[in-house]
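First up is the structure itself, then whatever we jot down about it.
The values are calculated or read from the model by the stated rules, or taken from the named source; none is laboratory data. All of these numbers come straight from a predicted model, not from anything done at the bench. Every residue, glycine among them, receives a Cβ derived from its backbone with ideal geometry; neighbour counts consider all protein chains shown. Protein only, heavy atoms only, side chains kept; ligands, DNA and RNA dropped before computing areas. Shrake-Rupley method; radii C 1.70, N 1.55, O 1.52, S 1.80 Å.
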Amino acid sequence: MPPQYYAPPLPPGQQYGWGPLPPQPPRRKSGGTALLVVALLAVVAAGGVFLSVKLTQGGDGPIATAPVATESATAKPTLAPSSVPPPATTAAPRPTRTTTTVTPPKPVQTVNPATYNAAHRLYKTGVMRTVNCKQAKTGLGNGSQALAYFKAIKACLDRAWPTQVAASGGRFRSPGLVVWGGSVNTPCGGGVGRSFYCPTTHTIYMESPSIVSFYKQNPTFGRMVGTFTMAHEYAHSVQWMTGLGVAYTKLRYDASAAGALQLSRRLELQASCLGNVFLGANRNSYGITGYAYQMWLYDVNNSGDRPPYPRDHGSTTNHGAWSRAAFQSRNPASCNTWSASPARVS
Ligand SMILES: [Zn+2]
């Protein structure tokens with residue numbers, strides 16, 4: 001169970017997606033001019049997706065909808081009884097009902113969310129054991145194929161994470177899965193153009209058209225993008241099952257704008273890290289080897305923040321570093337982004 005020491009409701013519109021779509025894959029064979037043309041077209045296509053996101057939602061990252069909450073507003077100062085003046089005997093000075101000396105009692109915070117996330121038991125749960133996950137043979141040529149593909153890997157994730165969640169003091173609940181295109185109506189917003197996890201519904205919303213598009217350009221790359229995205233979004237659900245996500249929400253309430261961005265990067269880099277713990281644990285049975293491994297590597301090494309989008313997911317350099325380390329270790333101990341130096345979560 002998530003810790004009970006706070007329970008701020010998640011504001012509508014807050015969602016934890018991947019953010020900018022990954023870059024175009026390298027082609028298997030160098031094609032000279034043709035390659036350049038394809039790359040240019042691909043960049044334009046990707047730009048179109050981003051543009052539509054911006055136009056329709058004005059930025060759907062957590063930043064855009066994060067409330068500027070003031071905790072102090074909830075602690076109401078009460079006038080002390082001493083403000084009632086005693087009966088005047090002589091020409092006493094008029095008592096002034098000043099509140100300057102009245103200090104509201106400080107709420108006792110037994111658990112610091114930052115400490116909670118940095119010292120979480122999840123990091124002590126050990127190497128994740130393989131569940132011998134098999135990649136769906138069906139590709140991602142259209143929406144219904146994508147649904148089958150994501151269902152298959154989700155079944156693996158549902159078998160892989162309960163042990164780790166329970167060992168870290170959380171309560172495992174299999175998240176929901178919705179595969180969609182165009183737009184989707186959720187308490188976390190529409191999420192136009194990208195996949196996301198919504199804590200309110202404990203559901204993963206996989207946006208299939210962009211991944212289908214990757215698949216059509218390069219099937220192996222499309223498979224790895226779909227696989228990694230699913231593992232990343234599922235990891236967000238793990239963050240909420242273990243209390244990490246709620247603590248993050250709490251921390252954000254008190255953070256500056258820059259601080260909120262850094263917290264978002266810690267959350268997102270951790271989701272990619274945990275996702276790759278699972279992928280590393282199942283790399284052989286799933287087939288993340290050979291050329292597929294190269295495409296996975298390209299994806300994680302080239303995913304991340306790039307101008308003009310907000311710095312809410314982490315640099316490509318850091319994204320690659322956390323992802324590769326987790327893939328190798330297969331251990332959530334590699335994923336403590338909450339105690340990492342600012343440089344490692346830049
Ligand atoms: Zn994310």
Over 25 Å between alpha carbons, listed pairs K151/K250; K124/K151; K134/K216:
K151/K250; K124/K151
Express in nm, to one decimal, how much length is gained between N142 and Y291 on full extension, taking 0.36 nm for each residue of separation and deducting their alpha carbon distance.
51.4 nm
Roll a 1.4 Å probe over the protein heavy atoms and report the accessible area of V212 in Å², nearest 10.
10 Å²
Would you mind calculating the gained length between N112 and T200 on full extension (0.36 nm times residue separation, minus the Cα-Cα distance), in nm to one decimal?
29.4 nm
Accessible area in square angstrom per residue, region 197-273, 1.4 angstrom probe
20 Å²
Note down the nm distance, to one decimal, between modelled labels 7 Å out along Cα→Cβ at S174 and at A343.
4.5 nm
Counting only protein heavy atoms and a 1.4 Å probe, tell me what percentage of region 119-267's accessible area is made up of carbon and sulfur.
53 percent
Place the peptides 264-276, 139-151 in order of packing, highest mean first, counting for every residue the other Cβ atoms within 10 Å and averaging per peptide.
264-276, 139-151
